[in-house]
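Before any comments, here is the structure.
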Amino acid sequence: MAAYNWGWQIRDAGFLALPVDKLTPGEIDKLQYVNQFLDPSVHEAKCGWYGISYCVCTINGKNRTEFVLMYGDKNDTPNGARWINVTGNSKGAIAENVWSLVFA
């Protein structure tokens, strides 16, 4: 199972989400992949998760860290979502992290 943290834990650790205009072309590609393919498939799977999103964070402007956020229902916020650190540098790694938690 993919390890996760709660949004409040990420915030308390000092991570700040980067706005879309600060993402690299590769990060934007991953964001679009999550929005176009993974989020709708998780929602349609009716697997207990409402949806997902992709976020790139930094601490003090250094060391970018990628996360996928898992939402339990339509009212869930990033603070209450499960944040999964993306450990690989590809869209396949993102999908693997998501589906390993969905079916855990």
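The values are calculated or read from the model by the stated rules, or taken from the named source; none is laboratory data. All of these numbers come straight from a predicted model, not from anything done at the bench. Using ideal geometry, Cβ is built from the backbone for each residue, glycine included, and neighbour counts are taken over all protein chains shown.
Just a few scattered comments:
- Look at (1) surrounded by 12 or more Cβ atoms within 10 Å (Cβ to Cβ); (2) part of a strand (DSSP E or B) and you find that VAL98 fails only one, number (2).
- Flag if ILE59 is surrounded by 12 or more Cβ atoms within 10 Å (Cβ to Cβ), out of contact with any helix residue (DSSP H, G or I) (no Cβ under 9 Å at 6 or more places or on another chain), aliphatic (A, V, I, L, M) and in contact (Cβ under 8 Å) with a residue 12 or more places away in the chain: yes
- Restricting attention to segment 8-33 and to residues that are small (Gly, Ala, Ser) and either assigned to a helix (DSSP H, G or I) or touching a residue at least 60 places away in the same chain (Cβ under 8 Å) (or both), the residue that is nearest to ALA95 (Cα to Cα) turns out to be GLY26.
- The set of residues from segment 94-104 being of a type outside the set (Val, Ile, Thr) and over 12 Å from TYR54 (Cβ atoms) comprises GLU96, TRP99, SER100, LEU101, PHE103, ALA104.
- Yes/no for GLN36 being surrounded by fewer than 12 Cβ atoms within 10 Å (Cβ to Cβ) and assigned to a helix (DSSP H, G or I): yes
- Of all the listed residues (TRP83, TRP49), the sole one being surrounded by 13 or more Cβ atoms within 10 Å (Cβ to Cβ), at pLDDT 90 or above and either closer than 17 Å to ASN97 by Cα or of a type outside the set (S, T, N, Q) (or both) is TRP83.
Per-residue answers, yes or no, for (1) part of a helix (DSSP H, G or I); (2) under 15 Å from ALA13 (Cβ atoms); (3) at pLDDT below 85:
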site: PRO40; (1), (2), (3): yes, no, no
site: CYS55; (1), (2), (3): no, yes, no
site: THR58; (1), (2), (3): no, yes, no
site: GLY88; (1), (2), (3): no, no, yes
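- Cβ-Cβ contacts under 9 Å between residues 6 or more apart (or on different chains), taken from a first residue in segment 74-91 that is more than 19 Å from TRP49 (Cβ to Cβ) to a second residue that is at pLDDT below 85 and in a loop (DSSP other than H, G, I, E, B), are listed as THR87/ALA2.
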